[in-house]
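Everything below concerns the one structure shown next.
Each reported figure results from applying straightforward, stated rules to the coordinates on display, with no laboratory input. Small disclaimer: the values here were computed from a predicted structure and weren't measured. Positions of Cβ are backbone-derived with ideal geometry, glycine not excepted, and every protein chain shown enters the neighbour counts.
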Amino acid sequence: MGVEFNPYDFVQADADPYPVYARLREEAPLYRSEELDFWALSRHADVVSAFRDATRFSSANGPLLEQRAWGPQARKAMSFIAMDPPEHTRMRRLVSRAFTPRRIAELETGIRAIARRHLEAALERGEFDLVTDIAAPLPTDVISELVGVPEADRPELRRLADAALHREPGTQEISQEGATALLELVGHFAEIVADRHRHRRDDLASALLDAAVDESSLTDEEIIAFLHLLVGAGNETTANLLGNAVYWAWRHPDQRAKAFDGRVAGWVEETLRYDTPAPTQLRTLTEDVELHGTRLTAGSRIMLLPGAANRDPRVFERAEEYDLDRDTAEMASFGSGPHFCLGAALARLEARIVLEEIVDRVADYDLNPSAGRRRQSIHIRGFASLPMTVTAP
């Protein structure tokens, strides 16, 4: 019997999707799902090549598989990651002016203060939930401060973002609750943009209103979509990265020892490779393409699997081992080419700071993953809850 791959099989995905990914790479590097109407690419070379080929592998219908999310309307919620050049080029250039490496670097002091506040409150209790008490609220606070979201509104924004991404077992489409959450999120950001039209502040929403290239400024709709993308994708990447990092270091005590001996940067990078926070991305073919001896027609939906690509033994020696000493330069976790993740530097910075603060404050830790739970989404991989206890230095 050939390999079967259903991204909505959360039992399989939660337990360990990587054996299926390995079989896909070896037995079906071009996999067809008739039921869900997509082709899947799992080998590193294929995934990276498709990421870089924005002309034939289009993002115009968005990166999500669900029929309600896929299509030309995707840009309303997914901003420029649901666009192709030249629209994507213009939008990314404008957004980048307000999301520069300098602005991100300047956030470090504030991020560290937020991390210490959440971590110290958790450590006082001795037992806490890594995700709900630290990993999830921290990026929400960081993005909210960057954007200009009032502190009182942040828990509700996190709840709405979670509801929009959640999928019940056995379902393949966004729920009515999720659709309502999306609309409410858009309403929150519309209010912020309207307020900044009246009163500029030192925040990203104001900077986006002032960003312009050759007098071609961003529209309110474009700004709202980008803010929605930041709160959704930006929060989830960091939260899942942190949960995965702490979990896999717990599972590998020898690597945890390295992490606690000053190898936090390597801890972040190897986790990004080993258990990719965003393991799937969708593209749509703009023309007929031949892959692995099969002719695919224009309009075909192609699921790229960076989660599988990151464990391809053709690129990574001992790919199934979690090793902080390895070279992770070729990983595909943040994509490649014109759609390389704009928030990669921020996600790395947030994760590094939180893990550094943990290392500085505890001698060791223990987890209870059986009492936790994983997120129910084909687009993100990580924990929704992860109980944790710590040992004082």
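Some notes on this structure:
- Only helices enter this figure: runs of n ≥ 4 DSSP H residues, each worth -39500 (n - 2.57), summed and divided by the residues of the chain, yield -14000 deg cm²/dmol at 222 nm to the nearest 500.
- Largest GNM mean-square fluctuation among His199, His228, His118, using the chain with Cα springs under 10 Å: His199.
- Length released on extending from Arg103 to Asn6, taking residue separation times 0.36 nm less the Cα-Cα span: 30.9 nm
- Relative contact order %, the chain, counting alpha carbon pairs below 8 Å whose residues are six or more apart: 25
- Residues in region 339-357 reached by a label modelled at Glu287 [backbone nitrogen below 20 Å; 7 Å Cα→Cβ]: 339
- Relative contact order [Cα under 8 Å, 6+ residues apart], region 255-393, whole percent: 25
- Theoretical FRET efficiency, 1/(1+(r/R0)^6), r = Cβ-Cβ of Ala121 and Arg295, R0 56 Å, to 0.05: 0.45
- The alpha carbon gyration tensor of the chain gives principal lengths a ≥ b ≥ c with a/c of 1.5 or higher and a/b no greater than b/c, which makes the shape oblate.
- Using a simple spin-label model with pseudo-atoms 7 Å out from Cα toward Cβ, Glu221 and Asp53 lie 3.2 nm apart.
- For region 42-95, the square roots a ≥ b ≥ c of the C-alpha gyration tensor eigenvalues yield an a/c of 1.5 or more together with a/b not exceeding b/c, which makes the shape oblate.
- Shape category assigned to region 192-306 from the gyration tensor of Cα positions, a/c cut at 1.5: oblate
- Residue of Thr237, Thr271, Thr100 that the Gaussian network model of the chain assigns the largest fluctuation, springs spanning Cα pairs under 10 Å: Thr100
- Loop-located GluC sites (Glu not before Pro) in region 305-393 (DSSP state not H, G, I, E or B) with no more than 13 neighbouring Cβ atoms inside 10 Å: Glu317, Glu320, Glu321.
- Neighbour-count order for Arg374, Arg381, fewest beta carbons within 10 angstrom listed first: Arg374, Arg381
- HN-Hα J in Hz across region 228-240 - Karplus 6.51, -1.76, 1.60, θ = phi - 60°, x for Gly and Pro: 4, 4, 4, 5, x, 5, x, 5, 5, 4, 5, 4, 5
- Ala265-Gln73 FRET efficiency (beta carbon distance; Förster radius 35 Å; 0.05 resolution): 0.35
- Cα-projected label distance for Glu151 with Thr89, points at 7 Å along beta-carbon direction, nm: 4.4
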